[in-house]
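Q: My questions all concern the structure below.
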Amino acid sequence: MTRAPHGSRHLFVVTAVITGVAAFFYLTMTTGSTATLVEGRIFYFGHYFDWLITTPLLLLDLAPLALPNWRRNLGPIAGLIALDVSMILTGLLAGKSTSEFARDLAVREQRGAGGAPVPRLHAPVRLAAQSQPGQSIFAL
């Protein structure tokens with residue numbers, strides 16, 4: 001079927017799913033199926049549904065490349081995915097909101113979710129990757 005090593009074939013499937021999901025949602029946005037009017041502007045909520053599916057898959061796709069023993073680092077990887085989903089959902093709430101207060105609150109939450117915890121999660125992932133020299137494809 002393919003000449004890829006047996007252990008890495010799932011990466012190709014995940015990449016194909018990411019592309020297929022993105023293509024589907026961009027088609028729905030083009031046809032207007034995932035768009036609505038919010039305060040006189042068109043709000044494409046299909047972007048957020050696309051990102052809710054594809055960005056966690058991208059993180060899962062990149063984790064085995066950056067961390068050969070990624071199963072030992074499931075906590076930091078799950079934390080990154082949770083932060084990613086949190087930022088997307090607060091962005092959706094901010095975009096869909098009609099009140100200035102709710103929009104400002106969602107934007108502040110989104111900035112807090114994306115900015116503060118990332119350095120705490122980055123350090124364990126980086127140390128785990130550095131502890132296995134020659135196995136990672138990325139130069140840290």
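Every read-out reported here was derived from the displayed coordinates using simple, explicitly stated rules and does not represent laboratory data. Bear in mind the structure is a predicted one, so any value in this text is a computation, not a measurement. Here Cβ is always computed from backbone atoms with ideal geometry, including for glycine, and neighbour counts include all displayed protein chains.
Q: Out of the range 7-57, which residues are more than 19 Å from ILE88 (Cβ to Cβ) and hydroxyl-bearing (Ser, Thr, Tyr)?
A: Matches in the range 7-57: SER8, THR15, THR30, THR31, SER33.
Q: Assigned to a helix (DSSP H, G or I), acidic (Asp, Glu) and within 30 Å of LEU105 (Cα to Cα): is that true of ASP50 in this structure?
A: Values: assigned to a helix (DSSP H, G or I): yes; acidic (Asp, Glu): yes; within 30 Å of LEU105 (Cα to Cα): yes.
Considered against the rule, which asks whether it is assigned to a helix (DSSP H, G or I), acidic (Asp, Glu) and within 30 Å of LEU105 (Cα to Cα), ASP50 comes out as yes.
Q: Within the range 6-35, which residues are within 26 Å of THR98 (Cα to Cα) and either in a helix (DSSP H, G or I) or in contact (Cβ under 8 Å) with a residue 40 or more places away in the chain (or both)?
A: Going through the range 6-35, the residues within 26 Å of THR98 (Cα to Cα) turn out to be 25-26, 28-35.
Of everything in the range 6-35, those that are within 26 Å of THR98 (Cα to Cα) and either in a helix (DSSP H, G or I) or in contact (Cβ under 8 Å) with a residue 40 or more places away in the chain (or both) turn out to be PHE25, TYR26, THR28, MET29, THR30, THR31.
Q: Step by step: first the residues of the range 11-46, then only those that are of a type in the set (A, V, I, L, M) and more than 22 Å from the chain's Cα centre (by Cα), then the one that is surrounded by the fewest Cβ atoms within 10 Å (Cβ to Cβ). Which residue is that?
A: Keep residues of the range 11-46 that are of a type in the set (A, V, I, L, M), which gives 11, 13-14, 16-18, 21-23, 27, 29, 35, 37-38, 42.
Okay, now just the ones that are also more than 22 Å from the chain's Cα centre (by Cα), so 37-38, 42.
Numbers: LEU37: 8, VAL38: 13, ILE42: 10.
Checking each candidate, the answer is LEU37.
Q: Out of curiosity, is ASN73 in contact (Cβ under 8 Å) with a residue 40 or more places away in the chain and either surrounded by 15 or more Cβ atoms within 10 Å (Cβ to Cβ) or within 27 Å of LEU105 (Cα to Cα) (or both)?
A: Numbers: in contact (Cβ under 8 Å) with a residue 40 or more places away in the chain: yes; either surrounded by 15 or more Cβ atoms within 10 Å (Cβ to Cβ) or within 27 Å of LEU105 (Cα to Cα) (or both): yes.
Answer is yes for this residue.
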